[in-house]
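Note sheet for the following structure.
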């Protein structure tokens, strides 16, 4: 996962969710962290690495997940400008399919960290 | 291909609730429309906006949302439809390179989502969501950071579909961080054993849990006495259908969710995050409501939506709610409390706003609730008791026609 671009904007951001997820929580979310590595903003996001969802024809099972044959996909997040925030962190579950074995199903999320000062330098 | 195959005309705000710096900004992007077809795109975008505001809780946040359409003229109409997937083999030149057949499935309609995001950011920088509408009669759509749907009105079986449902469901993922509530990955009978049992880890999304009591998730919204409300007796299979289906305002824990047959629970039997065409369940509605509340203006009033004859009825309900905060439905002789600020609220309001669209049982139940509230204010004991007796007879009769379910 790499940061492609950033932009500083005057806009309302969504309210934060619980800053620290409950123990044994797994999934995908992003955080802002302060100098002491404490979360100061957090929101759950759709897993950016999950297979894509597609509509189906059968009644009662209108949706399902499939493997995405596109190699690279982009997503975006809106993060607040919080004084004291130093890092932008993305937790992302690994991609899983119905063919995965137990070991792959149990694989933990990867964490991607970005320094906010570097992001600001790249801001448009 | 791509940007060489069309022109970005510009963004038009079709639902204007104020400064984009203060509102939630949803951008609908045209793909596969020739310049001469952008009038159709305008109609399609308006059709979507009308549909969105008919879905709870977006109806309650109508003034929080700006909707934009991004007019993009492609050189040709439609989307690539590879013959390998049973398509026509068409390869029109379109701006965002929309194509069916992703992953070998014809319905899997995708486009260049990176180009969509950069194009939207250039024209509506303060956007919160971008959704692509593809000008094609072939049924298809997919989710991701950018939702994509064709404008087909029939699926490949010839059944009527509402393409707007695809986009609203995908907004549930991409904006509000909601999980899928269905209990298969690729389909019942298709999945392998990895979908039989959920892992021991709690999902981060608010609308699925491994706790049969929904502890820490939606336990405060549960209004049934039996938990789990539905268990799956055979984890090698998808959970069996319940007949009749419990209505969406019945909140409990239903086993089978988050792509697995067992070990994960969803809040209601149905929800838009499980089946298109259903309302969002109470838990998803709460999540969306909490998300959109910061975008609400201090005051929201639309003259074009004011109908005094309906407002009187709604005010009657409100008056009762203010008096004692709830109502009662009698089922099988037992009083069942209903919190009109809870999951039932939208059914109540929808039925009051459009009484002739509501089922007779729902309409009579609501009238009964309102009358019950009002009768409690009558000062004469004799008249109050007379009114209450008649009202409760109406309620009992009407409630008996509502689907059977167990409520605390």
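State the number of residues belonging to segment B:210-228 that are in contact (Cβ under 8 Å) with a residue 40 or more places away in the chain and either over 22 Å from residue B:173 (Cα atoms) or out of contact with any helix residue (DSSP H, G or I) (no Cβ under 9 Å at 6 or more places or on another chain) (or both). Don't jump to the end; show me each part of the working.
Just the residues of segment B:210-228 that are in contact (Cβ under 8 Å) with a residue 40 or more places away in the chain, to begin with: B:210-214, B:217-218, B:221-226.
Those left that are additionally either over 22 Å from residue B:173 (Cα atoms) or out of contact with any helix residue (DSSP H, G or I) (no Cβ under 9 Å at 6 or more places or on another chain) (or both): B:210, B:212-213, B:222-226.
Residues meeting the conditions: 8.
With respect to residue B:231, is the statement that it is under 26 Å from residue A:30 (Cα atoms) and in contact with a strand residue (DSSP E or B) (Cβ under 8 Å, 6 or more places away or on another chain) true? Walk me through how you get there before you give the answer.
On the way: under 26 Å from residue A:30 (Cα atoms): no; in contact with a strand residue (DSSP E or B) (Cβ under 8 Å, 6 or more places away or on another chain): yes.
No, not satisfied.
Identify all residues within segment B:97-111 that are on the phi < 0 side of the Ramachandran plot and touching a strand residue (DSSP E or B) at 6+ places or on another chain (Cβ under 7 Å); write none if there are none.
B:98, B:99, B:100, B:102, B:105, B:107, B:108, B:109, B:110, B:111, listed by residue number.
Would segment B:76-86 turn up any residue that is crowded, with 23+ Cβ neighbours inside 10 Å, at negative phi, touching a residue at least 40 places away in the same chain (Cβ under 8 Å) and touching a strand residue (DSSP E or B) at 6+ places or on another chain (Cβ under 6 Å)?
yes
Quick one: which of B:42, B:11, B:64, B:21 is within 18 Å of the chain's Cα centre (by Cα), touching a residue at least 12 places away in the same chain (Cβ under 8 Å) and within 27 Å of residue B:295 (Cβ to Cβ)?
B:64
Looking only at segment A:3-12, filter to residues that are touching a helix residue (DSSP H, G or I) at 6+ places or on another chain (Cβ under 8 Å) and buried (at least 17 other Cβ atoms within 10 Å of the Cβ); which one of those is nearest to the other protein chains (Cβ to nearest Cβ)?
A:12
Before we move on, is residue B:234 more than 12 Å from chain A (Cβ to nearest Cβ) and over 19 Å from the mean Cα position of the chain (by Cα)? Spell out the reasoning first.
Working: more than 12 Å from chain A (Cβ to nearest Cβ): yes; over 19 Å from the mean Cα position of the chain (by Cα): yes.
Criteria met by residue B:234.
Quick one: residue A:49 ticks every box in (1) buried (at least 19 other Cβ atoms within 10 Å of the Cβ); (2) more than 21 Å from residue B:127 (Cβ to Cβ) bar one, so which box is it?
(1)
From the list B:111, B:101, which residue is more than 8 Å from chain A (Cβ to nearest Cβ), surrounded by fewer than 24 Cβ atoms within 10 Å (Cβ to Cβ) and closer than 21 Å to residue B:84 by Cα?
Of the residues listed, the single one that is more than 8 Å from chain A (Cβ to nearest Cβ), surrounded by fewer than 24 Cβ atoms within 10 Å (Cβ to Cβ) and closer than 21 Å to residue B:84 by Cα is B:101.
Picking from B:73, B:56, B:4, B:11, which residue would you name as being away from chain A (no Cβ under 14 Å), in contact with a helix residue (DSSP H, G or I) (Cβ under 9 Å, 6 or more places away or on another chain) and modelled with pLDDT under 95? Before the answer, list the steps.
Numbers: B:73 fails: modelled with pLDDT under 95; B:4 fails: in contact with a helix residue (DSSP H, G or I) (Cβ under 9 Å, 6 or more places away or on another chain); B:11 fails: modelled with pLDDT under 95.
Criteria check complete, one pass: B:56.
Considering each residue of segment A:1-34, count those that are over 18 Å from residue A:76 (Cβ atoms) and outside any loop (DSSP other than H, G, I, E, B), and give that number.
4
Spot the failing condition for residue B:126; the list is (1) within 23 Å of residue B:286 (Cα to Cα); (2) touching a strand residue (DSSP E or B) at 6+ places or on another chain (Cβ under 7 Å); (3) facing another protein chain (nearest Cβ under 8 Å); (4) assigned to a loop (DSSP other than H, G, I, E, B), and only one is missed.
Failing condition for residue B:126: (1).
Looking at B:329, B:288, B:317, can you tell me which residue is buried (at least 19 other Cβ atoms within 10 Å of the Cβ) and modelled with pLDDT of 95 or more?
B:288
What are the residues in segment A:35-57 that are in a strand (DSSP E or B), over 16 Å from residue B:207 (Cβ atoms) and under 17 Å from the mean Cα position of the chain (by Cα), if any?
Here is the first cut: in segment A:35-57, the ones in a strand (DSSP E or B) are A:39-44, A:52-55.
Narrowing further to those that are over 16 Å from residue B:207 (Cβ atoms): A:39-42, A:52, A:54-55.
If the condition is that a residue be in a strand (DSSP E or B), over 16 Å from residue B:207 (Cβ atoms) and under 17 Å from the mean Cα position of the chain (by Cα), then A:39, A:40, A:41, A:42, A:52 are the ones that fit.
Let me confirm something: among A:90, A:54, which residue is at the interface with chain B (Cβ under 8 Å from one of its Cβ atoms), at pLDDT 75 or above and under 21 Å from residue B:172 (Cβ atoms)? Give the steps one after another, and end with the answer.
Working: A:90 fails: at the interface with chain B (Cβ under 8 Å from one of its Cβ atoms).
Selected residue: A:54, the only one of A:90, A:54 that is at the interface with chain B (Cβ under 8 Å from one of its Cβ atoms), at pLDDT 75 or above and under 21 Å from residue B:172 (Cβ atoms).
Quick one: count up the residues across segment B:182-209 that are crowded, with 20+ Cβ neighbours inside 10 Å, under 24 Å from the mean Cα position of the chain (by Cα), facing another protein chain (nearest Cβ under 10 Å) and in a loop (DSSP other than H, G, I, E, B).
9
Among the residues of segment B:149-170, write down those that are in contact with a strand residue (DSSP E or B) (Cβ under 6 Å, 6 or more places away or on another chain) and touching a residue at least 60 places away in the same chain (Cβ under 8 Å).
Within segment B:149-170, B:150, B:166, B:167 qualify.
Checking residue B:74 against (1) under 25 Å from the mean Cα position of the chain (by Cα); (2) closer than 22 Å to residue B:153 by Cβ, which single condition isn't satisfied?
Only one criterion is unmet by residue B:74, namely (1).
Within the group A:35, A:23, which residue is more than 10 Å from every other protein chain (Cβ to nearest Cβ) and either free of Cβ contacts under 8 Å to residues at least 60 places away in the same chain or touching a strand residue (DSSP E or B) at 6+ places or on another chain (Cβ under 8 Å) (or both)?
A:35
I'd like to know if segment B:169-180 contains one or more residues that are more than 7 Å from chain A (Cβ to nearest Cβ), part of a loop (DSSP other than H, G, I, E, B) and more than 25 Å from residue A:77 (Cα to Cα).
No, every residue in segment B:169-180 fails to be more than 7 Å from chain A (Cβ to nearest Cβ), part of a loop (DSSP other than H, G, I, E, B) and more than 25 Å from residue A:77 (Cα to Cα).
Would you check if residue B:148 is more than 10 Å from chain A (Cβ to nearest Cβ) and buried (at least 21 other Cβ atoms within 10 Å of the Cβ)?
No, not satisfied.
The values are calculated or read from the model by the stated rules, or taken from the named source; none is laboratory data. In this text, all values refer to a predicted model and were calculated from it rather than measured experimentally. Backbone-built Cβ (ideal geometry, glycine too); neighbour counts: all protein chains shown.
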